[in-house]
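In what follows, a structure is listed as structure tokens, so that the remarks can point back to it.
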Amino acid sequence: MLYNEQPAAIAVSGLCKSFGEHIVLDCIDFKVAEGSIFSLLGPNGAGKTTTVQILSTLLRADGGEINVGGYDLATQPAGVRSAIGVTGQFSAVDELLTARENLILMGDLHHMPRSESVRIADELLERFDLAEAADKIANTFSGGMTRRLDLAMTLVGDPRIIFLDEPTVGLDPRSRRVMWDIIRDLVAGGVTIFLTTQYLEEADQLADQIAVLYQGRIVAQGTADQLKRLVPGGYIKLDFADTDQLDAAAAAFGDGAQINGDLTLAIPSDGAVKSVRAVLDRLDEIRVEAEGLSVHTPDLDDVFLALTGGYAKENA
């Protein structure tokens, strides 16, 4: 089933938000499929956090039709809150409490019986590799441990949709990858993730769909591969066994270029399946067989640079 045909966990149409005369969100549209990871990319000030605050009922929209978890945001905010969890940019962990106490506190806030809160706390401590630190004060935790506890606290209410607003900012590469594994496990269990991030690699690794938000508008949306095909610079690389094969292919593809003096030809391409098929068909026509074929497309840094005028490198 195509992404756009899957049931929507979040559906947004014409979302607008201004602060005074400053337009933050200029009537944006998007849909997040159930059980998927949707990533909202954008430089600082693009409106990512504002979007999360609106969708999680923390901020009122100026206009638009918004449905979250089957509930209308404008008329059923309590229903929306019952379906979601939020892990914001800044940790919600109480650093004067232990990990276990933080989790039990979340259970109390959800009006759970204390025995249920304790049971869930123990399960989450084990799941997030915090069991050995369960009774340590949170202000002794590393950044990665604090972020794991923060996300574990979000799960106490068993939300179907989780908003992660730049969840790995400030984490070292190893801790960031641990968080990625946790996020993947959540989605495998049926949870829908709405992820905002400035880390292009993070969106590339995790997201089923990516939307690029710039100056209040979504300027591009699609899979990582689809976005990479939006900008020039991609090519199909063909490897050949001998110079005769290479020369024949070079003559057939007039815009190809030999790479580094090797028996390799690079042909400009958007990397789409149709383009690859056309290259293979042309090789069949001239009766030349390539030893190897690989597709090289621009990365998300290149896409970001093209779409946002250079903000990607500055903020990544």
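The values are calculated or read from the model by the stated rules, or taken from the named source; none is laboratory data. Not measured: the values here are computed from a predicted model. Here the Cβ is made from the backbone with ideal geometry for all residues, glycine too, and neighbour counts use every protein chain on show.
General remarks:
- Looking across the stretch 84-117, the residues that are in contact with a Gly (Cβ under 8 Å, 6 or more places away or on another chain) and either over 20 Å from D165 (Cα atoms) or aromatic (F, W, Y) (or both) come down to H110, R114, E116, S117.
- When restricted to residues that are surrounded by fewer than 18 Cβ atoms within 10 Å (Cβ to Cβ) and either modelled with pLDDT of 80 or more or part of a loop (DSSP other than H, G, I, E, B) (or both), the stretch 302-316 contains 3.
- Residue within the stretch 185-201 that is farther than 28 Å from A78 by Cα and either in a helix (DSSP H, G or I) or modelled with pLDDT of 90 or more (or both) present: yes
- The stretch 41-61 residues that are in a helix (DSSP H, G or I), paired with ones that are surrounded by fewer than 18 Cβ atoms within 10 Å (Cβ to Cβ) (beta carbon under 7 Å, 6 or more apart): T49/Q89; T50/L59; Q53/L59
- Whenever a residue of the stretch 122-144 is closer than 18 Å to P167 by Cα, its partners that are in a loop (DSSP other than H, G, I, E, B) and among the charged types (D, E, K, R), lying with C-beta atoms within less than 6 angstrom and at least six residues away or across chains, give the pairs A138/E95.
- Any hit, the stretch 63-72, residues being touching a residue at least 40 places away in the same chain (Cβ under 8 Å), under 15 Å from the mean Cα position of the chain (by Cα) and closer than 23 Å to E166 by Cα: no
- Selection of first residues in the stretch 271-296 that are closer than 14 Å to A250 by Cα and of second residues that are surrounded by 14 or more Cβ atoms within 10 Å (Cβ to Cβ) and among the aliphatic types (A, V, I, L, M), restricted to Cβ pairs under 6 Å at least 6 apart or on distinct chains, gives the following pairs, ordered by first then second residue: V279/I236; R282/A252; I286/A248; I286/A252; V288/A248; V288/A249; A290/L238.
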